[in-house]
Amino acid sequence: MPANPLVQHLGPYAPFLPILILLPVLYLRMRKLSRPQPLKLDRLWIRPAFILAGCTLALLAPQPPGMPARVLAPPDWGWLAVAAAAGAWAGWQMGRTMHIEVHPEDGTLMTRGGMAAMLVIVVLIMFRMGLRGGLQMEARAWHLNALLISDASIVFSALLFSVRSLEMYLRARRVMAAAAPKPRS
């Protein structure tokens, strides 16, 4: 298979290209997370619904023509369950790092991300980059199923962001209830 001309042109600097692209994107995302943003409680379910639908499609989609049929064995489902549990736990913790408050002037919910949320995203990206390189070099030697590892990372990420939204929804309802004006007796 011929090498990518861009990779040949960049030579030894090619592995650093994704990092050079990701650093400005992560910096801009970090700046946005540090500022208070309005939290639309009634729309908080939309992103997790799309993420979970995409995850389901990725896991259950039929193989392209010419590829052998893929059937997940019971141990594979076990690994996906472990990835789901880890993603749900990490999502709950990530949701807890999001600061939620009621705006004092207009009573709307405001959210501001913490540095821990940004750290989770950076760790996920670095893990994915390392996993890609490691699997390209050592998957056969270590008898790893690259497709199962990819599926597990999809399940982990889907549960991470879905449970984060669930935790934020539940906490935002409590914050709104606590900030609601009490009727005078």
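The values are calculated or read from the model by the stated rules, or taken from the named source; none is laboratory data. Being a predicted model, the structure only gives us computed values, none of them experimental. Methodologically, a virtual Cβ is constructed for each residue, glycine included, from the backbone with ideal geometry; neighbour enumeration extends over all protein chains shown.
Some points to look at:
- Verdict on Leu124 being in a helix (DSSP H, G or I) and at pLDDT below 90: yes
- Residues that are among the hydroxyl-bearing types (Ser, Thr, Tyr) and loosely packed, with under 15 Cβ neighbours inside 10 Å, drawn from the stretch 76-107: none
- Those helices (runs of 4 or more DSSP H) lying entirely in the stretch 12-113 with at least 1 residues modelled with pLDDT of 85 or more: 46-60, 74-96
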